[in-house]
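> Supplied in structure tokens, the structure appears directly below.
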Amino acid sequence: MTTFIAGGTGFIGRRLVPLLAERGEEVVCMDINPQTADFAGLGKQVKVVKGDVGQFDDVMAAMTAAKPQRVINLAYWLGSEHPPRVAFKLNVLGMDNVFEAARLAGCARVAYASSLAVSGEQKFYGDRMVTEDDFRHGHVQYAMHKIFNEWQAQDYRDKHGMEITAIRPANVTGPDKIVGSVDHVFCITSPARGKPVKFPYKDAMRCPIHVDEIAEIFARVIMTDKPQHAVYNTGGQAISLGELADIVRGFLPNADIRFDKETGGRALSGNYLIDNTRLVSEFGMQFRPYRERVLQIINDIRMQEGLTQIAAR
Ligand SMILES: NC(=O)c1ccc[n+]([C@@H]2O[C@H](COP(=O)([O-])OP(=O)(O)OC[C@H]3O[C@@H](n4cnc5c(N)ncnc54)[C@H](O)[C@@H]3O)[C@@H](O)[C@H]2O)c1
């Protein structure tokens with residue numbers, strides 16, 4: 001069977017494609033930057049074509065040629081600083097282009113990335129876990145577009161009987177992450193390179209999850225024809241930047257991580273208490289201890305920099 005992935009050469013897509021190939025899928029990636037991933041080792045099983053998700057003709061032509069049984073959309077502008085029309089075209093129109101092209105190509109099974117950002121700040125919920133059924137308090141550009149994507153997906157489900165699934169990743173982390181929330185990434189990667197790093201608040205909260213785990217979640221969800229739900233939180237490890245800095249210092253005692261202020265960040269933090277019971281119970285996801293993921297990222301960076309590996313301790 002064939003899986004079509006829009007935005008498949010990005011941070012998450014680069015890890016997802018090999019997981020689908022391992023499961024026997026043919027994969028066709030359509031990306032505006034096709035050169036940012038190297039799938040040569042996967043041979044003819046993976047094809048990469050250049051195309052713009054914001055252009056319906058590109059999506060329709062690529063999907064018609066691929067004839068997929070499954071479709072995933074990962075193409076998006078992360079962040080909320082983009083000009084309104086530019087962001088709308090990729091995030092809102094682009095998402096609909098993927099849904100509509102899948103429909104017209106006769107492919108009812110679609111998954112796409114929503115985000116924890118739909119919930120907005122943790123303060124809206126108090127000190128409790130947030131579930132998929134909670135009201136979505138997100139209010140910035142990125143959050144509003146994801147909220148609309150979820151609404152639109154439900155409309156396609158209701159009116160066209162499509163099996164469209166939203167996955168809401170938390171703060172995805174990995175050595176090559178450069179867009180979206182990056183403070184929790186730089187808290188690991190800068191010291192791993194021997195560079196100092198500074199953040200405004202020690203008590204700022206994040207909910208990181210390693211990109212390998214996100215890729216595995218997408219693979220399990222898309223390979224399931226009829227998941228029990230339309231929306232899944234991935235969850236992650238609720239942690240303050242100060243606590244994360246302590247983990248990093250446990251591996252790199254000379255890490256130079258500083259904070260302007262001890263407190264004041266928690267109240268501003270995005271949703272970090274996230275209930276992922278649905279995903280864990282239905283798809284059997286098990287997450288490696290976050291400390292191990294921190295060491296993995298440190299050693300990925302040190303390998304790139306030609307530095308010695310740090311042993312687990
Ligand atoms: N990384 C995170 O922390 C995080 C957290 C929550 C949700 N998500 C969501 O996961 C998805 C993937 O994120 P990522 O981290 O892999 O991002 P990424 O930016 O690394 O990947 C996105 C891919 O889309 C491609 N793309 C951009 N514009 C395009 C266009 N017009 N046409 C075709 N392709 C285009 C990019 O070239 C890139 O390869 C996004 O929807 C993002 O909102 C990510």
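The values are calculated or read from the model by the stated rules, or taken from the named source; none is laboratory data. Just so it is clear, the model here is predicted, and its values are computed rather than measured. Cβ sites come from the backbone with ideal geometry, for glycine too, and all protein chains shown count toward neighbours. For accessibility, only protein heavy atoms count, side chains too; no ligands or nucleic acids. Shrake-Rupley method; radii C 1.70, N 1.55, O 1.52, S 1.80 Å.
> Of Ala113, Thr277, Ile298, which is farthest on the positive side of the dipole of the chain, counting Cα position, with +1 on Lys and Arg Cβ, -1 on Asp and Glu Cβ, and the Cα centre as origin?
Ranked along the dipole, the leading option is Ile298.
> With a cut-off of at most 10 other beta carbons within 10 Å, and DSSP calling the residue loop, which trypsin sites (Lys or Arg not before Pro) in region 76-141 qualify? Please list them.
Arg128
> Give the accessible surface of region 61-102 per residue, rounded to a whole number of Å², with probe radius 1.4 Å and ligands, DNA and RNA excluded.
Value returned for region 61-102: 41 Å² of accessible area per residue.
> Sort Leu93, Leu268, Leu279 by heavy-atom solvent-accessible area, probe 1.4 angstrom, most to least.
The most accessible residue leads, giving Leu268, Leu93, Leu279.
> To test your reading of the geometry: what angle, between 0 and 90 degrees and rounded to tens, separates the Cα axis of helix 13-22 from the longest principal axis of the chain?
60
> Hey, another quick one. Could you calculate, for region 136-273, the ratio of the Cα radius of gyration to the Kirkwood radius, expressed as Rg to Rh?
1.05
> State in Å² the accessible area per residue of region 5-50; use a 1.4 Å probe, count heavy atoms of protein chains only, and round to the nearest integer.
47
> Just grab the label-to-label distance for Ile178 and Leu93, each label 7 Å out from Cα along the Cβ direction, in nm (one decimal).
Reported label-point gap for Ile178 and Leu93 is 2.7 nm.
> Still on this model: Run through every distinct alpha carbon pair of the chain and return the Kirkwood hydrodynamic radius in angstroms, one decimal place.
20.0
> Right, next: Can you give me the angle between helix 241-251 and the longest principal axis of the chain, using Cα atoms only, in degrees from 0 to 90, rounded to the nearest 10?
70
> Using only the alpha-carbon atoms of region 1-139, report the extent along each of the three principal axes, biggest first, to the nearest angstrom.
If we take the Cα atoms of region 1-139, the spans are 50, 33, 29 Å.
> So what J values fall out for region 108-122 if you push phi through Karplus, 6.51 cos²θ - 1.76 cosθ + 1.60 with θ = phi - 60°, rounded to Hz, Gly and Pro as x?
Going residue by residue, I get 8, 9, 9, 10, 8, 8, 8, 6, 4, 4, 4, 7, x, 6, 4 Hz, with x marking Gly and Pro.
> For a quick check: with amide H placed at 1.01 Å from N, whose amide H comes under 5 Å from His210's, ignoring anything fewer than 5 positions away on the same chain?
Hits under the 5 Å cutoff: Thr173.
> Could you give me the ³J(HN,Hα) list for region 184-197, computed from phi with Karplus coefficients 6.51, -1.76, 1.60 and θ = phi - 60°, whole Hz, x at Gly and Pro?
Listing the rounded values in order: 5, 7, 5, 4, 9, 6, 5, x, 4, 8, x, 9, x, 8 Hz.
> Of all the accessible heavy-atom surface of region 197-254, with the other protein chains kept in place and a 1.4 Å probe, what percent is carbon and sulfur?
Heavy-atom surface of region 197-254 belonging to carbon and sulfur, 1.4 Å probe: 46 percent.
> Whose amide H sits under 5 Å from the amide H of Thr165, counting only residues 5 or more places off or on another chain, with H placed in the peptide plane?
Close amide H contacts, sequence-distant or interchain: Val110, Ala111, Tyr112.
> Give the angle, between 0 and 90 degrees and rounded to the nearest 10, that separates the Cα long axis of helix 94-104 from the longest principal axis of the Cα atoms of the chain.
30
> Leaving out ligands, DNA and RNA, what percent of the accessible area of region 101-163 is carbon and sulfur, probe 1.4 Å?
C and S fraction of accessible area: 53 percent.
> Specify whether the C-alpha gyration tensor of region 193-276 places it in the rounded, prolate or oblate class, a ≥ b ≥ c being the square roots of the eigenvalues: rounded for a/c under 1.5, otherwise prolate if a/b is larger than b/c and oblate if not.
oblate
> Continuing with the same structure: Run the numbers on region 54-213 and let me know its relative contact order in percent, using alpha-carbon pairs under 8 Å that are six or more apart.
Relative contact order for region 54-213 comes out at 23 percent.
> At 1.002 mPa s and 20 °C, plugging the Kirkwood radius over alpha-carbon pairs of region 59-107 into Stokes-Einstein gives what diffusion coefficient in µm²/s?
186
> Fully extended, how many nm does the chain gain between Arg258 and Asn33 (0.36 nm per residue separation, minus their Cα-Cα distance)?
Taking Arg258 through Asn33 to full extension adds about 77.4 nm, to one decimal.
> Find the accessible area per residue for region 184-239; the probe is 1.4 Å, ligands and nucleic acids are left out, and the unit is Å².
35
> Of all DSSP beta bridges in the chain, what percent run antiparallel (nearest 5)?
So the antiparallel bridges amount to about 10 percent of the total.
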